[in-house]
Amino acid sequence: KSVPAAMLTQSLSWNFLSCISLLLSLVSIVRPFSFLDMYQYVSREIHGQPILVGIARPESLTFALVVAYRLAEISSQVLLFTLFQVVFDDLKFHGLRYGGILLWSLDCALQALLLRAYTSQ
């Protein structure tokens, strides 16, 4: 059974491979986000002019704390949808739980509305 299907039916068994998969997923998400804060890393420029440049050196304590913060932030977002689905266990459609998907869909819709409202001219 695939991980998304196992999450929908709440039959995910936590074994060594699922823990490794989760760890690799978190690292693959945290690593690019940590580049945003890396010293002299340009993540945004307009007409060749750097606008958003990282200021933390990779060997500094500041950078390590920023990476730890990003890891905690991403982990909390991942857990939010899963825990929401566990709390609202009675939301089912043909035996499949959809609480987490519903929350994710509402979150995406809200973010799209906010982007449209604040970026339109």
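The values are calculated or read from the model by the stated rules, or taken from the named source; none is laboratory data. Please read these numbers as outputs of a predicted model, since none were measured by experiment. Ideal geometry is used to build each Cβ from the backbone, glycine not excepted, and the neighbour counts take in all protein chains shown. Protein only, heavy atoms only, side chains kept; ligands, DNA and RNA dropped before computing areas. Shrake-Rupley method; radii C 1.70, N 1.55, O 1.52, S 1.80 Å.
Just a few scattered comments:
- For GluC sites (Glu not before Pro), the sites in region 9-118 that DSSP calls loop and that have at most 10 other Cβ atoms within 10 Å are Glu59.
- Cα-based Rg and Dmax for region 23-92, where Dmax is the largest Cα-Cα distance (Å): 16.5, 53
- Mean accessible surface per residue for the chain, computed with a 1.4 Å probe while every protein chain stays in place, in Å²: 78 Å²
- Comparing Gln111, Gln85, Gln40 in a Gaussian network model of the chain where C-alpha atoms under 10 Å apart are linked, the largest mean-square fluctuation is found at Gln111.
- Values of log10 I(q)/I(0), in the order q = 0.15, 0.24, 0.29 Å⁻¹, for region 77-120 under a Debye, Cα-only, solvent-free model: -0.45, -0.77, -0.94
- In the chain, the C-alpha radius of gyration followed by the widest Cα-Cα span (Dmax) gives 18.7, 54 angstrom.
- The chain - mean residue ellipticity at 222 nm from DSSP helices (-39,500 (n - 2.57) per run, n ≥ 4, rounded to 500): -21000 deg cm²/dmol
- Taking Leu103, Leu80, Leu65 and ordering them by how much accessible surface each has at a 1.4 Å probe, largest first, produces Leu65, Leu80, Leu103.
- Surface share of carbon and sulfur [accessible, 1.4 angstrom probe, percent] for the chain: 68 percent
- Calculated FRET value between Phe84 and Ile55, using beta carbons and R₀ = 30 Å, to 0.05: 0.25
- Farthest towards the positive end of the charge dipole of region 66-121, among the residues Leu83, Gly95, Ala117, is the Cα of Ala117, using unit charges on the Cβ of Lys, Arg, Asp and Glu.
- Segment Ser25-Ala109, length gained on full extension (0.36 nm per residue, minus Cα span): 27.8 nm
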